[in-house]
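*Asks:* Structure in structure tokens, see below.
The values are calculated or read from the model by the stated rules, or taken from the named source; none is laboratory data. If you're wondering where the values come from, they're calculated on a predicted model, not measured in any experiment. Heads up, the Cβs are rebuilt from the backbone with ideal geometry, glycines too, and the neighbour counts pull from every protein chain shown.
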Amino acid sequence: MLGSIESKNMKNAGVRIFVLFASAYFISNLVRGMNVAFAPFLIKELQLNATNLGLLTSIFFIAFALFQLPAGIALDKWGAKKTHAVLLMICALGGIIYAFSSSFSGLLIGRILIGIGISVGLAGSILIFTQSFPISRLPLLTGLVVAIGGLGGVVVGKPLSFALEHLHWSTITVIISVITFLIGMCIWLFVPNTHVTHNLSFKSQYEGTIKIFKTKTFWRWVSLPAATGGMFYAAHTLWVRPFMSDVLGYSPSEIANYVSLIGIAMVLGTTSTGLCARVVEKIGINLHYFSGIGLMTFVLIEFLLILQVPVPPFIVWFMFGFAGSSWTVNFASSAEIFPKHILGRVTTSYNVIFFSSIFVTQLVIGYILDLWEQLPDGHYPVVAHLTAWTLFLVIQAIAAIFFLWPKPLTVDPKQFD
């Protein structure tokens, strides 16, 4: 009887952990991409050009990236529960500042705090899952969390566009901020403390992080996901809307539908790849190369879009989101490559590169667009978009060679003792 009760309590705790961390990751994806819907209103109210809009959106990603190293140390020192709960409250504060700011600088401060506040969303989830569930479930759980997070990408399409017909963007931001704060409180109050504290000084943990960045295996592991992820999120959270409008001539309604379709496809992609991961491994394809197949599919879709090959829009944008989610499988492979006691820092180090790539990609696309004068109708010339997308396609092709090099990804655990 006692064993049955204990088993039930453990199961309930596992459900709470998954639901709350998945909910937090949903919020992180929502706030990450909400400017794709807010953009027309922000441009009108603040008279922003493409470079300023790119900065306002991408500042979130560089704040996220720069905070990864201290966040990784905090995860390994205090655990996912305490670290994530506190940071979510900072995210909520950033949202309130963002909502009530009437200046560009105020909006930037709000976006910076939002980026910091969700900086351990996926890394914290992976860490607490490795401490609470069998390691064999990690690819599936990671895929499901990213899938639920991907629903945030669905919401920034048609649902958020519909909401903006009835509510001001600042009101919507306040609502999201309140929900974020409540999730943070629930994590603090209702998630069990599964973390095993390591008696390492901050100096020792910092030195361990530096060792990660000096490891060639780490750079191979992160190369193609960072390059493709940078383009995928730079597009999905901002630049895909003007590409659809200026290059492909879609109507506002069509754009909202396809932005949501990308989010839905991402959800399906992360879920299905997570489910298939272990099956694929049994036939001799490890998680790293399985992820590479999906990422190269994404590169192919970009190539088709740049050439404007007449593929049905539903198929091309579905595959854009489905293949664009393939980096999550590679993320899950971290537990098979690196020692468990540094996984917090490994995943946040990954995020430094991954989200810095998004920041640079998003900002550079805006800069490239501004090299051409806007047309009288407010659109940018087709050549401006195609130039920007081609540049990053070439970068991804170079990264693919490094990522897919036929040599096993291994590290010596002793170097991180």
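Let's see how each residue does on (1) over 29 Å from I210 (Cα atoms); (2) among the hydroxyl-bearing types (S, T, Y); (3) at pLDDT 90 or above:
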{"residue": "W78", "(1), (2), (3)": "no, no, no"}
{"residue": "I96", "(1), (2), (3)": "yes, no, yes"}
{"residue": "G110", "(1), (2), (3)": "yes, no, yes"}
{"residue": "S132", "(1), (2), (3)": "no, yes, no"}
{"residue": "I135", "(1), (2), (3)": "no, no, no"}
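*Asks:* For segment 370-415, what are the residues that are closer than 15 Å to W239 by Cα and in contact with a Gly (Cβ under 8 Å, 6 or more places away or on another chain)?
*Replies:* Correct list: F392 only.
*Asks:* Quick one: which of K414, K407 is in a helix (DSSP H, G or I), modelled with pLDDT under 95 and surrounded by fewer than 13 Cβ atoms within 10 Å (Cβ to Cβ)? Before you say what the answer is, go through the steps one by one.
*Replies:* On the way: K407 fails: in a helix (DSSP H, G or I).
After applying the criteria, what remains is K414.
Each row is one residue, and each column tells you yes or no for (1) without any contact (Cβ under 8 Å) to a residue 24 or more places away in the chain; (2) surrounded by fewer than 20 Cβ atoms within 10 Å (Cβ to Cβ); (3) more than 14 Å from V240 (Cα to Cα); (4) touching a Phe, Trp or Tyr at 6+ places or on another chain (Cβ under 7 Å).
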residue: I301; (1), (2), (3), (4): yes, no, no, yes
residue: L307; (1), (2), (3), (4): yes, yes, yes, no
residue: S325; (1), (2), (3), (4): no, no, yes, no
residue: V329; (1), (2), (3), (4): no, no, yes, yes
residue: V352; (1), (2), (3), (4): no, no, yes, no
residue: F355; (1), (2), (3), (4): no, no, yes, yes
residue: Q374; (1), (2), (3), (4): yes, yes, yes, yes
residue: Y380; (1), (2), (3), (4): no, no, no, yes
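*Asks:* Going through A323, A388, A335 one at a time, which residue ends up being farther than 20 Å from A227 by Cα and of a type in the set (G, A, S)? First the steps, then the outcome.
*Replies:* Numbers: A323 fails: farther than 20 Å from A227 by Cα; A388 fails: farther than 20 Å from A227 by Cα.
Being farther than 20 Å from A227 by Cα and of a type in the set (G, A, S) holds for just one of A323, A388, A335, which is A335.
*Asks:* If the requirement is being touching an Asp or Glu at 6+ places or on another chain (Cβ under 9 Å) and hydrophobic (A, V, I, L, M, F, W, C), which of these qualifies: F320, F298?
*Replies:* Numbers: F298 fails: touching an Asp or Glu at 6+ places or on another chain (Cβ under 9 Å).
The match here is F320.
*Asks:* Collect the residues in segment 104-136 that are touching a residue at least 12 places away in the same chain (Cβ under 8 Å), surrounded by fewer than 24 Cβ atoms within 10 Å (Cβ to Cβ) and not in a helix (DSSP H, G or I), keeping them in residue-number order.
*Replies:* Answer for segment 104-136, where residues must be touching a residue at least 12 places away in the same chain (Cβ under 8 Å), surrounded by fewer than 24 Cβ atoms within 10 Å (Cβ to Cβ) and not in a helix (DSSP H, G or I): just F133.
*Asks:* What about T209, is it polar (S, T, N, Q), farther than 26 Å from L375 by Cβ and assigned to a helix (DSSP H, G or I)?
*Replies:* Values: polar (S, T, N, Q): yes; farther than 26 Å from L375 by Cβ: yes; assigned to a helix (DSSP H, G or I): yes.
When the stated conditions are applied, T209 passes them.
*Asks:* Can you tell me which residue within segment 23-58, out of those that are of a type in the set (G, A, S) and either in contact with a Gly (Cβ under 7 Å, 6 or more places away or on another chain) or not in a helix (DSSP H, G or I) (or both), is surrounded by the most Cβ atoms within 10 Å (Cβ to Cβ)?
*Replies:* Let us first name the residues in segment 23-58 that are of a type in the set (G, A, S), namely 23-24, 28, 33, 37, 39, 50, 54, 58.
Filter again for either in contact with a Gly (Cβ under 7 Å, 6 or more places away or on another chain) or not in a helix (DSSP H, G or I) (or both), leaving 24, 28, 33, 50, 54.
Details: A24: 28, S28: 24, G33: 26, A50: 22, G54: 26.
Ranking the candidates gives A24 first.
Yes/no per residue for (1) over 22 Å from V155 (Cβ atoms); (2) more than 15 Å from the chain's Cα centre (by Cα); (3) not polar (S, T, N, Q):
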site: T209; (1), (2), (3): yes, yes, no
site: I212; (1), (2), (3): yes, yes, yes
site: T215; (1), (2), (3): yes, yes, no
site: W221; (1), (2), (3): yes, yes, yes
site: P225; (1), (2), (3): yes, no, yes
site: G229; (1), (2), (3): no, no, yes
site: Y233; (1), (2), (3): no, no, yes
site: T237; (1), (2), (3): no, no, no
site: P242; (1), (2), (3): no, yes, yes
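*Asks:* A further question on this structure: Go through segment 248-268 and report how many residues are in a helix (DSSP H, G or I), among the small types (G, A, S) and free of Cβ contacts under 8 Å to residues at least 60 places away in the same chain. Steps first, please.
*Replies:* So the first thing to find is which residues in segment 248-268 are in a helix (DSSP H, G or I), and the list is 252-268.
Right, trim to among the small types (G, A, S) and you get 253, 256, 260, 263, 265.
Filter once more, keeping what is free of Cβ contacts under 8 Å to residues at least 60 places away in the same chain: 253.
Qualifying residue count for the region: 1.
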